[in-house]
Every structure is written in structure tokens, then in C-alpha cells.
Amino acid sequence: MTALVAILLAPFAVLTLFFLIEVLAGLPRLRPAHSNAVDASAVIVVPAHDEAEVVGETLCLLKASLGRGMSLLVVADNCTDSTAEVARELGVDVVERTDAERRGKGFALAFAADHLRSDPPDIFAVMDADCAIDRPSLRALVEGAHASGGPVQAVNLLRPDRDAPPLVQLSNFAFVLKNLVRQRGLQRLAGRVHLTGTGMAMPFRLFHISGSTRSSIVEDLALGLDLADAGHPPKLIGNAFVWSGSASEQGTLVQRRRWEGGFLATALRQGPKEAWHGLARGKPRAVLAGLDLMVPPLALFAVLNVAALLVAAALVLASGAAWWPVIAQFVLLALALVAVLVAWAREGRDFISLGVLARLPLYVLWKVPMYLGLARRGTPKEWLRTGR
């Protein structure tokens, strides 16, 4: 029975240990990329679905941040509002797309790429319609893509809002952990990161590598995985930051349901395959990238770990088996929690107070109905605009 308990907990132990190592590896900040003036053209594509309320402010900030050789292109995708008109009034190039059958950001980006094909830029960059990036960050992003000849990703975060509801603050900190700390750790461990959909750039010729991107609800993650498989692993530009505003509590739940549902579907399909191929080919970095994919979102990871521990403890009590597998996993979980607290102390203080962070169990409970809904109904299939 001891062997059965150990086998039950082994997958959780491996993923918890990897999570611990990845967070610790991501605590030191990356050395800023050396800035070199480049003579490269870049188009910043802004896919927008009914974003008339916010796209004007985004475009004004982007126009002020453009460097030499940079331009903007808005894709008004299946819009029923004045998104296109707002962009045109600001002097920004706009293409409109209407296709009720093929909806989603991936299709919008592919439409933009097809539009640019006759006169392609050197660099194809993407910014969401509700995001902000400053001039140094945009320059670092474009220079990074041009210098590396591959895809690059800025640090994608939600703006700190200490007056937001506690559950929104916890979600904002989860973004810090995932998109800053763990991305840095993944960069050091696996030599690559995930694309997060906004604040990403690549040579134009690379965008068409991905065939699955257009139909994926997490087109950014799918594109990054396809590029890595093709020998172009995305890199993190640690001194480039792109910011989005916090959503309402309900909007946050909608946003997380869309992204986490798509992430889980992709991770379950790609993570084990990536790790297995890495083992078969003797590529440890590919194994580590696969393990990163298999780590569930923080709240779900906590729920699954606790459930596994309770089942294992019940088996030990019922059979008289040895306690060491349960104790070992409990220690790993405790160390992982300490690593999260250290990450908060280093990077998360502006996003959430220690008192609110202590409500992490409530955040986990808040998301349990979402995961049950995903299990019943599956991943959302459409481009869901986040409520604000």
C-alpha cells in the first residue's frame, strides 16, 4: 500500500518540485537587453472586437510611443460598435473583418498578416486594444525581435490596484507569478518562454509557421509552442512591460475562464508530448518546458494537491501504510508556499498586501465553480471580451 500511495502522489511531487525550482529561478531579475538602434520596419497590430470604449486611449498612447519605422494597424474584427471609426479618426490604418463562423483573435491576427503580405514589415508586433506600453518598452521589444531573429515577449502584467476587491488583487498577483516570476524562471531553465498575446513581436516571416493558431482560443500560447517546435523559441524581454487594467470581479472570472480553459486544453495535449519528446531526444530543456506546461493554474494546482494529499492520508490511515510519501509531498507544498511568499516580497508588494494575500484559500474556493463549469461545458470557443 505504501507503494500505491507513493505512485498516487508522484506526479504531484514532480510538478510541485518543478514549480518550486521555477519560482526560485525566476526571483533574480534578468539583465536588460543591450539597446542597439535598428533600421527595421515594424507594424504594431491591434486586434479589436467591440473595443470602442477603450481603443482610442490605447491608440493615443501607442502613437506617442512609436519609434522610427513603426506604424499601427487596427483589425476591427466582427465589430458591432464604432471601433473602426474611432481608430480612423485618430489617423490609424484600419482593416475590418466580418466572419461570423470564424471568430477569435487568432483569425484577426492572421487577417492582419495576410493584409500586410504585399508589403511586409520586418517585425510583426501585437498589442491588445486595452493595453499600454511605453516608448522604451516598445523599442526594446522591436529591437529584441530584430536582433534575435525570433519571437520575443514583453512582461505582461495587470496594473496594481490596491483598492480593488481582494479576489481581483489575488488574480493580479497570480499574473505577476505567472507572467513575470515563472516566465523568468522558464527562460533560465528551458531557454524559452510563453507568448501571452499582447506585447509580443517576431520577424514577419515567422508568423505563418503556426497552423493551429487561428482556431485556438489561446492563440498566443499555441503560436509560441509552434514557433518553439520549429526551432524559434520565444524569449523574454525583461525590460519591456505591457500593462492592462484590472477587470471587475465578474470580468476577472470571465477572463480567467477563457484563458485557463484554453490553457488546460492545450497543456493536457502538449505538455506530456513535449516532455516525452525531450526525454526521447535527450533534450532536458524540452523536458522542463513540458513540465512547465503541465503545472496547472495556481488555484487548480492547490485544489488538486490538497485533494491528492487527503486521499493519500485516507489510504494510509485505512491500511497502516508508511506516512513518508504524504510527509514528503506536504513538505514540498510548504516549500512551494514559502517560494510564493518570497516572490510576493520581491515583486508583488505593489499588487497586493500581505493581509489580502492571506486570503489565498478564498481565491481558490472562488475559482472552484469555474473549474467545475469547465469540466461540464468545456473550454469557451469564442473570443470573449472581458467585462470592465
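The values are calculated or read from the model by the stated rules, or taken from the named source; none is laboratory data. From a predicted model like this one, the values you see are computed outputs, not experimental measurements. Backbone-built Cβ (ideal geometry, glycine too); neighbour counts: all protein chains shown. In case anyone asks, the SASA skips ligands and DNA or RNA and just uses the protein heavy atoms, side chains included. Shrake-Rupley method; radii C 1.70, N 1.55, O 1.52, S 1.80 Å.
When region 128-153 is limited to residues that are open to solvent by 50 Å² or more (accessible area, probe 1.4 Å) and of a type outside the set (Gly, Ala, Ser), the one that is farthest from Gly56 (Cα to Cα) turns out to be His146.
Residue count for region 99-127 satisfying the condition of being buried (at least 21 other Cβ atoms within 10 Å of the Cβ) and touching a Leu at 6+ places or on another chain (Cβ under 9 Å): 8. Comparison of Leu73, Leu61 shows that the only residue that is outside any loop (DSSP other than H, G, I, E, B), touching a residue at least 60 places away in the same chain (Cβ under 8 Å) and under 18 Å from Asp128 (Cα atoms) is Leu61. None of Thr16, Thr80 is among the polar types (S, T, N, Q) and surrounded by fewer than 15 Cβ atoms within 10 Å (Cβ to Cβ) except Thr80. Starting from residues that are surrounded by 15 or more Cβ atoms within 10 Å (Cβ to Cβ) and either out of contact with any Ser or Thr (no Cβ under 8 Å at 6 or more places or on another chain) or of a type in the set (A, V, I, L, M, F, W, C) (or both), keep the ones in region 354-363 and report whichever is farthest from Leu30 (Cα to Cα). Ranking the qualifying residues of region 354-363, first place goes to Arg359.
Consider Val86 against the criteria (1) touching a residue at least 60 places away in the same chain (Cβ under 8 Å); (2) farther than 22 Å from Gly150 by Cα; (3) not small (Gly, Ala, Ser): it satisfies all of them except one. Which criterion is unmet? Answer for Val86: the failing condition is (1).
For (1) open to solvent by less than 40 Å² (accessible area, probe 1.4 Å); (2) in a helix (DSSP H, G or I); (3) in contact (Cβ under 8 Å) with a residue 40 or more places away in the chain, each residue gets a yes or a no:
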| site | (1), (2), (3) |
| --- | --- |
| Val311 | no, yes, yes |
| Leu317 | no, yes, no |
| Ala321 | yes, no, yes |
| Leu341 | no, yes, no |
| Leu365 | no, yes, no |
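Set side by side, the residues Ala228, Ala265, Ala275 differ, and just one is farther than 23 Å from Gly104 by Cα, out of contact with any Cys (no Cβ under 6 Å at 6 or more places or on another chain), in a helix (DSSP H, G or I) and at pLDDT below 90, which is Ala275.
Scanning region 132-147 for residues that are outside any helix (DSSP H, G or I) and in contact with a strand residue (DSSP E or B) (Cβ under 7 Å, 6 or more places away or on another chain) returns Ala132, Ile133. Considered as a group, the residues in region 159-192 that are in contact with a Gly (Cβ under 7 Å, 6 or more places away or on another chain) and hydrophobic (A, V, I, L, M, F, W, C) include one that is modelled with the lowest pLDDT, and that residue is Phe173. When region 278-309 is filtered for residues that are part of a helix (DSSP H, G or I) and over 24 Å from the mean Cα position of the chain (by Cα), the ones remaining, listed by number, are Leu279, Ala280, Arg281, Val306, Ala307, Ala308, Leu309. The residue list Ala154, Ala164, Ala113, Ala129 contains one member that is in a loop (DSSP other than H, G, I, E, B), among the aliphatic types (A, V, I, L, M), touching a helix residue (DSSP H, G or I) at 6+ places or on another chain (Cβ under 6 Å) and in contact (Cβ under 8 Å) with a residue 40 or more places away in the chain, which is Ala129.
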